[in-house]
Amino acid sequence: MELKQTLYKEIESLPDSEEIVKKAIRAIQRLRKQVVKAEQAPLQYTIEELKEGLQESENDFAAGRCYPSGEAFCNMEKEFPWLSK
């Protein structure tokens, strides 16, 4: 709790400038997003879900519904050229 009080005092001591207050708000919002992102657990799948996904991929491959990675990257670069900068 002492840390929060220190934070509040720092916020109160900011100059009365709309620009500075907006920057402080954005910094706190970015920090909050980072904390929330770090607290989220990674996706976890059951063994059955993994087997189903693998079977679906193998079926797609057998049916010819796949691209070599080089071709896929070329297609992506053509469709989204700003991503390859």
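A short reminder: the numbers here are calculations on the coordinates, not readings from a lab. Values in this document were obtained by computation on a predicted structure and should not be read as measured data.
Summary of computed values
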read-out	value
Binned Cα-Cα distance frequencies in the chain - 5 Å width, integer %	2, 10, 8, 10, 9, 11, 12, 8, 7, 8, 8, 5, 2, 0
Linear extension gain, I25 paired with Y8, 0.36 nm per residue minus alpha-carbon span	4.9 nm
Cross-link reach list, lysines versus K33, counting only Cα pairs under 26 Å and skipping chain neighbours closer than eight places	K4, K9, K22, K23
Whole-Å distance, taken between Cα centres, linking the stretch 32-85 and the stretch 11-27	41
